[in-house]
1. Would you check if there is a residue in segment 210-217 being in contact with a strand residue (DSSP E or B) (Cβ under 8 Å, 6 or more places away or on another chain), closer than 26 Å to residue 64 by Cα and not small (Gly, Ala, Ser)?
2. Pick out the one residue from 219, 204, 255 that is hydroxyl-bearing (Ser, Thr, Tyr) and free of Cβ contacts under 8 Å to residues at least 24 places away in the same chain.
3. Please note which strands (runs of 3 or more DSSP E) are completely contained in segment 205-305 and include at least 3 residues that are farther than 24 Å from residue 149 by Cα.
4. Which residues, counting only those in segment 143-191, are hydroxyl-bearing (Ser, Thr, Tyr) and farther than 17 Å from residue 264 by Cα?
5. What pairs can you find where one residue is in segment 52-65 and closer than 17 Å to residue 284 by Cβ and of a type in the set (Val, Ile, Thr), the other is at pLDDT 95 or above and crowded, with 19+ Cβ neighbours inside 10 Å, and their Cβ atoms are less than 6 Å apart, with a gap of 6+ or different chains?
6. Against the condition under 20 Å from residue 64 (Cα atoms) and modelled with pLDDT of 95 or more, how does residue 271 come out, does it pass?
Amino acid sequence: MGQCKSIKWVFWLAILAALSAQTEGADEALQGIAAAYPQDRGIQEDPRVLFTENFETGTVEQIGRRWGQAFKPENMALVGDTPPASGGQRCLRIRDNGHLFTHPRGVDTIYVRFYVKFHERTGYVHHFVHLVADAAPKPWPKGGAGETPAGDMKFSTGIEPTGVWGKYPPPGVWNFYSYWHEMETKWGTVFVGKEEPIVPGRWYCVEVMLKANSTPDAYDGEQAFWVDGRLFGRWGGFNWRTTDALKINSFWLLYYNTDQPARHNRDPHPESRVMEVWFDDIVVATDYIGPITPSRDAEDGREQP
């Protein structure tokens, strides 16, 4: 009975979150850091920027060392496919499972922008890109599924595609999957934004904001995400942490797949799916970044690997 109540609670929360996300300025336009750097050229020098990666230099192994940790580098490749406005010639492709993991400087508010494309025959994804505040960070990401973190030790949120129990074709729609000390169930809490299905085979610009509460007893923490510069969801009133010492200090470019999402979404043809994803033009910063600003001369602006 308790499990049934938890499932119902998450279901209704998702509905309410979707409604609020669509009514709170869902199409708001912002001027971000990227506006001053056509094709992101020089954006890494902006004092608000904590980390960048465009996959234009180095091998997969060298990129892994640059980040700090790469899991299953044998599933990764640098390929000649980039978003339309990109100034580069390469992106990172991951097949089946893999991740890159790094520790930017710890901050109270973080923004992460990345470009992503799913294979035309993609299936449903289990877990995806995460932001983490960790009081005792390691060079590798930690587990924690089914565990409520202590308020002075950890909180996290993942921007992930979800099929919403088969309502949408794979990979689904974007949602947050969040863990913190006051979450309702031990399996985390889901926040579904604007329910606009992700089109496989198309590049998207996704940006995530995570803001810690200002004091240990305050409920003013926030999270939000944008797709192609449009606000898809914003939620507030969080007490993410119980100490100011806990900072957002980890970025996990994750692509994790099992057969569980296919079962949960009642996929009739899971064997036909191709689990591949492409990432490019990542920026981590303390202010809103925004999509890449096109160059007046796109060809001249293209970087050489």
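1. yes
2. Values: 204 fails: free of Cβ contacts under 8 Å to residues at least 24 places away in the same chain; 255 fails: free of Cβ contacts under 8 Å to residues at least 24 places away in the same chain.
Testing whether each residue is hydroxyl-bearing (Ser, Thr, Tyr) and free of Cβ contacts under 8 Å to residues at least 24 places away in the same chain leaves just 219.
3. Working: elements: 221-227, 230-238, 248-255, 276-285.
Output list reads 230-238, 276-285.
4. Within segment 143-191, 148, 156, 157, 178, 179, 185 qualify.
5. 52/283
6. Working: under 20 Å from residue 64 (Cα atoms): no; modelled with pLDDT of 95 or more: yes.
Spelling it out, it is not the case that residue 271 is under 20 Å from residue 64 (Cα atoms) and modelled with pLDDT of 95 or more.
Yes/no per residue for (1) at pLDDT below 95; (2) of a type outside the set (A, V, I, L, M, F, W, C); (3) surrounded by 19 or more Cβ atoms within 10 Å (Cβ to Cβ):
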position	(1), (2), (3)
33	no, no, yes
39	no, yes, yes
49	no, no, yes
52	no, yes, no
62	no, yes, no
70	no, no, yes
75	no, yes, no
80	no, yes, no
93	no, yes, yes
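This table checks each residue for (1) in contact with an Asp or Glu (Cβ under 7 Å, 6 or more places away or on another chain); (2) under 16 Å from residue 209 (Cβ atoms); (3) surrounded by fewer than 22 Cβ atoms within 10 Å (Cβ to Cβ).
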site	(1), (2), (3)
228	no, yes, yes
232	no, yes, no
239	yes, no, yes
266	no, no, yes
276	no, no, yes
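The values are calculated or read from the model by the stated rules, or taken from the named source; none is laboratory data. This structure is a prediction, so every number in the text was calculated from the model and none was measured. Reconstructed Cβ throughout: ideal geometry from the backbone, glycine too, with neighbour counts over all protein chains shown.
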